[in-house]
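Here the structure is laid out as structure tokens; the discussion comes afterwards.
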Amino acid sequence: MGLLDIVGGMLGGQAGGSQGGGQAELLNLIVGMLAGAGQGGQGGAAGGLGALLQQFQAAGLGEQVNSWVGTGQNLPVSPEQLQGAFGADQMSQMAAKMGLSTGDLGAQLSQMLPQVVDQLTPGGQLPQGDLGDLGGLLGSLLKR
């Protein structure tokens, strides 16, 4: 329910502007990252999200990640920090997929990713369910 609320808020807040479709595409990219991050073995929300969070912690962003998962205020992350965590190649691939420069993608991801992770971790806990179903649901909502 919380993630759907944030999706509705993000899409609804941008619906009148030229970025409405871009926000939907960005959210789709994030959901895809979370679902795909578990490809190395464990699938599902905890595997995909957990793998992404481990990647960020390994890049020195543990304090930020802990704030997103925790119940307090989310610490910001810069586009440069995201590029360090994802790597230049992955950022370039994602930016090309979105039709953006890596700088623009980093700026947008730095705003949305902490909010999505925060909503996926209510009460400061990684979800136990499968993110695949949620990803499909979000995908169908974004296509409307």
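Some points to look at:
- Checklist (1) at pLDDT below 90; (2) aliphatic (A, V, I, L, M); (3) closer than 18 Å to SER110 by Cβ applied to LEU11, failing item: (3)
- On the stretch given as the stretch 93-104, residues that are within 17 Å of ALA24 (Cβ to Cβ), without any contact (Cβ under 8 Å) to a residue 24 or more places away in the chain and part of a helix (DSSP H, G or I) total 2.
- When GLY38, GLY22, GLY32 are checked against the criterion of being more than 19 Å from LEU105 (Cβ to Cβ), assigned to a helix (DSSP H, G or I), at pLDDT below 85 and touching a helix residue (DSSP H, G or I) at 6+ places or on another chain (Cβ under 9 Å), a single residue qualifies: GLY38.
- Test: residue in the stretch 47-61 that is on the phi > 0 side of the Ramachandran plot and either at pLDDT 75 or above or assigned to a helix (DSSP H, G or I) (or both): yes
Yes or no, residue by residue, for (1) modelled with pLDDT of 90 or more; (2) within 11 Å of the chain's Cα centre (by Cα):
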{"residue": "SER67", "(1), (2)": "yes, no"}
{"residue": "GLN73", "(1), (2)": "yes, no"}
{"residue": "GLU80", "(1), (2)": "yes, no"}
{"residue": "GLN108", "(1), (2)": "yes, yes"}
{"residue": "THR121", "(1), (2)": "no, no"}
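The values are calculated or read from the model by the stated rules, or taken from the named source; none is laboratory data. On a predicted model such as this, the values are computed, not experimentally measured, just so you know. Reconstructed Cβ throughout: ideal geometry from the backbone, glycine too, with neighbour counts over all protein chains shown.
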